[in-house]
């Protein structure tokens, strides 16, 4: 077989394999981040305040607001915005989990608010940094039907407040948002 024939055969095989990827019926969003916001900040309030020790962990309501951006999106129409979520669950200063609803309000013209539900867990890292990871489904607006992942690092957690009568009533830190 000549070099030209081998090159043509290899090119044909590559084109068929590529076409198979597009025609396979797999959802396009299966492994592609539709929008990623690696920079953001948020503040969360807790009612009642988080305490230590609290066994079993009481049901605590939480409310958070913040900003995201700059963001990178496939469509270039979701570059910044605000984020808010409310939820509740058994939480104390050592951890717990929660569930609730949230929204990403995009500042870009023509972008619709992304509404989502979430479940999340809090874990205390050995160096005292608390990380909250929320995962959920987009229920309406832009990216409806996709998955949202919000990671919050609570750098300003005053763990001594956990021992006071009111407990820890607020915390803040950086967050990242990804829609898959």
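Read the figures in this text as sums done on the coordinates, not as results from a lab. Nothing here was measured: the structure is a model prediction, and the numbers come from that model. Neighbour counts are summed over all protein chains in view; Cβ atoms, including those assigned to glycine, are modelled from backbone coordinates with ideal geometry.
Averaging the inverse of every distinct alpha carbon separation and then flipping it gives the Kirkwood radius. What is it for region 30-179, in angstrom units?
That comes to 15.5 Å for region 30-179.
Sort 107-113, 135-141 by the packing proxy (mean of other Cβ within 10 Å over each peptide's residues), most packed first.
Peptide ranking by packing, descending: 135-141, 107-113.
What is the fewest-to-most order of 85, 118 by other Cβ atoms lying within 10 Å of their Cβ?
Neighbour counts put them in this order, fewest first: 118, 85.
Quick check: convex hull over the Cα atoms of region 80-161, volume per residue in Å³, rounded to an integer?
Value for region 80-161: 93 Å³ per residue.
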